[in-house]
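Here the structure is laid out as structure tokens; the discussion comes afterwards.
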Amino acid sequence: MRFKVLALAAFAALALAGCGEKTDYIRTAETEGIYVDVGNLVYQVQISRFLNPADVEDREYLVGVPANEATVGGDKTWFGVFMRVKNYSNETLQPATQFVITDTEGNKFYPVPLPKSNPFAYNPGPLGPDAVYPPPDSAAASGPIQGALILFKLSTASLQNRPLVLHIEQPGQDGAEIDLDL
């Protein structure tokens, strides 16, 4: 009988240990697909990949690239990071808009701005409670990748300096880092 009481008490203690609020924040991910926290928003890189302007699908992702940024070749390549953001809080929050990719030599690459008219572009507005970006009824969310595009122009030399790391920054919040799969 004493064993049963002790076993029941141990089981109850284990069950109660699993209750409570989330207190651990994940700030780094060694690969894509891992959720990272910046403030009260959770970010996930759905996928990152090179974009080929000659490919039919990729051409749609590049709609609206500014004329002064449109050419790549030789020592430059297009690289897309497809992001998903979730707001688990009870308040409306603004998702991060500051991203940078770094390589192991400290080179930095900043996003190429895409217009709001590009249906795949990462251009988030305030995100309501329990909402997700991109919105479920959008082209970015219902497409094959299911994430909004953050477009970068990388130097081909940096591709040898891996891992490439995506830094997510939001003023007043601790940032997060994700190692990108190449």
Helix 2-17 versus the longest principal axis of the chain: what angle, 0 to 90°, nearest 10, using Cα atoms? 30 degrees
With +1 on each Lys and Arg Cβ and -1 on each Asp and Glu Cβ, how big is the dipole of the stretch 23-180 about its Cα centre, in debye rounded to the nearest 20? 320 debye
Going toward the positive end of the dipole of the chain, with +1 on Lys and Arg Cβ and -1 on Asp and Glu Cβ, which of I101, P144, L164 do you reach last? P144
From fewest to most C-beta neighbours within 10 Å, the residues R84, R27 line up as R27, R84
Where Cα atoms sit under 21 Å apart: lysine pairs in the stretch 23-180 separated by 8 or more or lying on different chains: 5
By the Cα gyration tensor axes a ≥ b ≥ c (a/c under 1.5 gives rounded; else a/b larger than b/c gives prolate, otherwise oblate), the shape of the stretch 23-180 is oblate
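Any read-out appearing in this document is the output of simple, stated calculations on the displayed coordinates, not a laboratory observation. Source: prediction; values computed, not measured. Heads up, the Cβs are rebuilt from the backbone with ideal geometry, glycines too, and the neighbour counts pull from every protein chain shown.
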